[in-house]
Amino acid sequence: MAASLLKVEVEASSDPSVSNRGTSSTGTLFDDPDADIILRSCDDLDYRVQKVFLVKSSPLLGGLIQDASDHSDAAPVGAMEALPVVQLSERGAILYHLLTFLLPVIPILPPTLEETMELLSVAQKYELNHALVHIRGSIALKDAPLVNKDNALHVYSLAQKYGLRREMVQAARITLKSPLTIEDLQGKLDLMPMDHLYELWKYHQRVQANLAGNISGFRGSGAYTTLKCRDGPFSFRTQTWIDDFLVSMVSNPSLFDLPEFQSALARHVCSNVVDSDGGIPIRKRGCSSCAYLPTQSTDKFWTALTTFVHANMEKVSLNHGDYVA
């Protein structure tokens with residue numbers, strides 16, 4: 001039986017019409033000879049499968065299958081469709097990929113971001129918890145991440161559309177890496193409805209307010225005092241450039257970025273203090289002390305700051321009164 005399903009799955013996946021549109025020249029996919037149920041997509045594609053895999057995976061699907069079985073006795077003897085038929089509202093392409101995660105065959109993700117999000121929503125709709133974990137695991141194994149800085153707004157909007165809480169939160173946090181201003185959104189405003197954009201903007205505001213309210217606690221931590229520079233022959237103080245960086249990061253969380261931190265340190269080390277006499281420079285000075293900061297110290301500081309920022313992001317709800325999981 002497994003070999004039979006595997007053969008059908010490989011043949012179907014090699015058909016470009018299946019991967020792109022969910023259609024097949026035969027009109028039937030997963031034509032299991034031991035099938036005892038037919039799943040029919042909204043675009044009239046039939047999937048002949050064994051219901052045991054579906055019933056065990058989802059009580060909701062089990063209920064639909066039981067209902068179809070209860071009414072199958074009304075079918076005329078010798079009818080073309082002797083098996084009970086479960087009519088589903090999903091497209092054939094999405095149903096096909098979903099079944100690869102439910103049946104003993106090689107699982108296949110859809111080829112596009114939009115279809116992948118739709119697949120996740122269908123698995124969530126039927127409470128296919130094991131399949132949902134499996135799909136997300138397969139997505140995580142891909143070389144290119146599902147959500148990145150370039151597509152985060154689009155993924156956020158799709159996650160809103162399909163009610164995918166985890167992907168919504170993931171995308172929202174990644175959007176924090178870019179300023180959410182009108183200037184920065186030029187050419188991107190058509191990626192999501194305005195109500196979604198407003199909710200995302202409010203989320204950015206709450207993250208910023210939470211960081212601002214808790215940054216004093218980080219300043220009191222041991223990691224904050226690991227980086228010091230000389231302010232005179234016999235005194236040390238916590239570097240003001242770190243304070244400047246933290247203030248900038250709180251006001252604009254997109255500046256929470258390792259290259260930005262390294263650039264801030266480089267500007268501090270290479271900054272020039274120029275005294276002039278009649279416009280002629282006579283002295284230039286950078287911070288020689290910070291030029292030789294131990295790597296362990298900067299790593300310790302950045303690790304502590306990362307932990308602090310991520311912990312504060314996790315405390316912020318995406319919607320008022322609704323805390324993220």
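Does ASN129 qualify as being over 30 Å from ALA266 (Cβ atoms) and modelled with pLDDT of 90 or more? Walk me through how you get there before you give the answer.
On the way: over 30 Å from ALA266 (Cβ atoms): yes; modelled with pLDDT of 90 or more: yes.
Here the answer is yes, as ASN129 does meet what is asked.
What are the residues in the range 302-319 that are among the polar types (S, T, N, Q) and in a helix (DSSP H, G or I), if any? Spell out how you get there, then give the answer.
Taking the range 302-319 and keeping what is among the polar types (S, T, N, Q), we get 303, 306-307, 312, 317, 319.
Answer for the range 302-319, where residues must be among the polar types (S, T, N, Q) and in a helix (DSSP H, G or I): THR303, THR306, THR307, ASN312.
Here's the yes/no breakdown for (1) more than 16 Å from ASP257 (Cα to Cα); (2) in the same structural domain as TRP241 (by TED's automatic domain parsing); (3) modelled with pLDDT of 90 or more:
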position	(1), (2), (3)
ILE282	yes, yes, no
GLY286	yes, yes, no
CYS290	yes, yes, no
PRO294	yes, yes, no
SER297	yes, yes, no
THR306	no, yes, yes
GLY321	yes, no, no
VAL324	yes, no, no
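What pairs come up if the first residue lies in the range 159-178 and is within 20 Å of GLN205 (Cα to Cα), the second is of a type in the set (Phe, Trp, Tyr), and their beta carbons are under 6 Å apart, counting only those six or more places apart or on different chains?
From residues that are within 20 Å of GLN205 (Cα to Cα), the pairs are ALA171/TYR156; ALA172/TYR156; ALA172/TYR203.
Hey, among LEU102, LEU153, LEU98, which residue is in a helix (DSSP H, G or I), among the aliphatic types (A, V, I, L, M) and assigned by TED's automatic domain parsing to the domain that holds ILE65?
Details: LEU102 fails: in a helix (DSSP H, G or I); LEU153 fails: assigned by TED's automatic domain parsing to the domain that holds ILE65.
Answer to the selection: LEU98.
The values are calculated or read from the model by the stated rules, or taken from the named source; none is laboratory data. Predicted model, so just to flag it, every value in this text is computed and none were measured. Cβ coordinates were reconstructed from backbone atoms using ideal geometry, including for glycine residues, and neighbour counts include every protein chain displayed.
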